[in-house]
Amino acid sequence: MVTSAHISVLAEPYIEGLCADKDGRYVDATFGRGGHAQLLLNKLSAQGEVLGLDRDPEAVAVGQALAAQDSRFHMFYTDFAGLEDAVRAQGWDNVSGIGFDLGVSSPQLDHAERGFSFMKDGPLDMRMDNASGESLAYKLERVSESELVSIIREYGGERFAGRIARAILEALHQGKMNTTKDLENVCFHATPKKMRHGGAHPATRTFQALRIWVNDEMGQIDAAVKSAMQLLKPGGRLAIISFHSGEDRRIRDLIEKEVRGCTCPPQFPICVCGIKPTMRWVQKKPVRASEEEIALNPRSRSAMLRIAEKVGEPC
Ligand SMILES: C[S@@+](CC[C@H](N)C(=O)[O-])C[C@H]1O[C@@H](n2cnc3c(N)ncnc32)[C@H](O)[C@@H]1O
């Protein structure tokens, strides 16, 4: 589905996996431009409801317009750390499903002033919530070289993380690191000549890593899964789309811990910890986009969808 230049990825398996009760209450924790939320509303009965969340004020404004048109939809401005409070503020004790479509929306990438893209010149910002928090420029002024190397290596999988981090900080200290084009240029020239062409642009992985860092996206995943465990009713569904293998691994491990329950060492003949599973996998192996979807929306190439269900009677 296309809404305001954002094409929702894996729309059918995501909505099918998330929505097992047409009269249920759902959270779309990453409203974006509302493509998934609208598909969910289309699937629900007149009794069903959706609470949309986003940390981006522009997305929240779009959600508020939808809420004015459809009384089954409500919009809340928060990041995942405020998910539980948002659901309680709505007067709900639990929900039938919570969906996350992580990462940035196309409007965030396309608007140069948000500072997410190396294709356009913009400020070194990269905050999803551009009304609060610390911009990339602010954080770069305060980061050490070794921290920056780890960020670029860990969140970007960038093999030239050391050279790139050093070059970024050098340019910063010379007053030559002011815009996304400056950053792109530094990444390009810090990459060995023979590796500059032929694959993804040399700045791709560094931009991804810095965005994950600025928005504490790994910490947000921990908060998201923890809140979902608290809020889902038995039989309630958790559906998560991620675009980065590190994020997907983190999601898998957090859910797998709940699926396994027991924490006794494998050599113990019987369970002595007494910890029971709280989730079961509906879709353990990630669902990937079809060739057709990738042709229509290249961004879907890296999308991975996992679905799990709270253990108990179906709602
Ligand atoms: C990929 S887009 C979602 C697109 C949406 N599913 C659609 O169909 O239009 C991700 C959205 O989630 C928001 N987002 C990402 N991480 C978030 C977080 N930790 N808390 C709240 N919103 C977040 C972003 O601001 C962005 O608007």
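The values are calculated or read from the model by the stated rules, or taken from the named source; none is laboratory data. Everything quoted here is computed from the prediction, not taken from an experiment. Quick reminder, even Gly has a Cβ in these numbers, built from the backbone with ideal geometry, and neighbours come from all protein chains shown. The area values use the complete protein model at the heavy-atom level, side chains included, leaving out ligands, DNA and RNA. Shrake-Rupley method; radii C 1.70, N 1.55, O 1.52, S 1.80 Å.
Per the listing Val50, Val60, Val27, the residue uniquely β-branched (Val, Ile, Thr) and out of contact with any Asp or Glu (no Cβ under 8 Å at 6 or more places or on another chain) is Val27. Evaluating Ala137 against the criteria (1) in a loop (DSSP other than H, G, I, E, B); (2) over 23 Å from His244 (Cα atoms) leaves one unmet condition, (1).
Give me the helices (runs of 4 or more DSSP H) completely within segment 19-128, filtered to those with at least 2 residues that are near the ligand (Cβ under 9 Å from one of its atoms), ordered by residue number. Steps first, answer last, please.
Working: elements: 35-43, 57-69, 83-89, 106-110.
Correct list: 35-43, 57-69, 106-110.
Name the strands (runs of 3 or more DSSP E) wholly within segment 222-315 that hold at least 1 residues that are of a type in the set (Gly, Ala, Ser), more than 21 Å from Ile7 (Cα to Cα) and in contact (Cβ under 8 Å) with a residue 40 or more places away in the chain? Outline the logic, then answer.
Details: elements: 232-242, 279-287, 304-310.
Ranges flagged: 232-242, 304-310.
Could you go through segment 110-121 and let me know if any residue there is under 28 Å from Pro57 (Cα atoms), of a type in the set (A, V, I, L, M) and either in contact with a strand residue (DSSP E or B) (Cβ under 9 Å, 6 or more places away or on another chain) or in the same structural domain as Gly32 (by TED's automatic domain parsing) (or both). Within segment 110-121, one or more residues are under 28 Å from Pro57 (Cα atoms), of a type in the set (A, V, I, L, M) and either in contact with a strand residue (DSSP E or B) (Cβ under 9 Å, 6 or more places away or on another chain) or in the same structural domain as Gly32 (by TED's automatic domain parsing) (or both). Of all residue pairs spaced 6 or more apart or on separate chains, those with beta-carbon atoms under 9 Å, a first member in segment 150-163 that is open to solvent by 30 Å² or more (accessible area, probe 1.4 Å) and a second member that is aromatic (Phe, Trp, Tyr) are Tyr155/Trp213. Is it the case, given these coordinates, that Ala37 is surrounded by fewer than 24 Cβ atoms within 10 Å (Cβ to Cβ) and in the same structural domain as Ser302 (by TED's automatic domain parsing)? Taking the combined requirement at face value, the residue does not satisfy it.
Any residue at all in segment 6-23 that's touching a helix residue (DSSP H, G or I) at 6+ places or on another chain (Cβ under 8 Å) and farther than 22 Å from Ser300 by Cβ? Within segment 6-23, one or more residues are touching a helix residue (DSSP H, G or I) at 6+ places or on another chain (Cβ under 8 Å) and farther than 22 Å from Ser300 by Cβ. What's the number of the only condition in (1) over 17 Å from Gly99 (Cβ atoms); (2) modelled with pLDDT under 95; (3) not hydroxyl-bearing (Ser, Thr, Tyr) that Pro234 fails to meet? With respect to (1) over 17 Å from Gly99 (Cβ atoms); (2) modelled with pLDDT under 95; (3) not hydroxyl-bearing (Ser, Thr, Tyr), Pro234 is out only on (2).
Yes or no, residue by residue, for (1) over 25 Å from Ser302 (Cα atoms); (2) over 27 Å from the mean Cα position of the chain (by Cα); (3) not in a helix (DSSP H, G or I):
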| site | (1), (2), (3) |
| --- | --- |
| Arg163 | yes, yes, no |
| Ala171 | yes, yes, no |
| Met177 | yes, yes, yes |
| Phe188 | no, no, no |
| Gly198 | no, yes, yes |
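Could you go through segment 170-178 and let me know if any residue there is modelled with pLDDT under 95 and open to solvent by 60 Å² or more (accessible area, probe 1.4 Å). Checked segment 170-178: no residue is modelled with pLDDT under 95 and open to solvent by 60 Å² or more (accessible area, probe 1.4 Å). Exactly one residue out of Ala224, Ala165 is closer than 16 Å to Lys139 by Cβ and small (Gly, Ala, Ser): that is Ala165.
Taking segment 284-301 as the range and being over 15 Å from Glu258 (Cβ atoms) and open to solvent by 50 Å² or more (accessible area, probe 1.4 Å) as the test, the residues that pass are Lys285, Arg288, Ser290, Glu291, Glu292, Ala295, Leu296, Pro298, Arg299, Arg301.
Any residue in segment 201-219 that is open to solvent by 20 Å² or more (accessible area, probe 1.4 Å), part of a loop (DSSP other than H, G, I, E, B) and without any contact (Cβ under 8 Å) to a residue 24 or more places away in the chain? So far as segment 201-219 goes, yes, one or more of its residues are open to solvent by 20 Å² or more (accessible area, probe 1.4 Å), part of a loop (DSSP other than H, G, I, E, B) and without any contact (Cβ under 8 Å) to a residue 24 or more places away in the chain.
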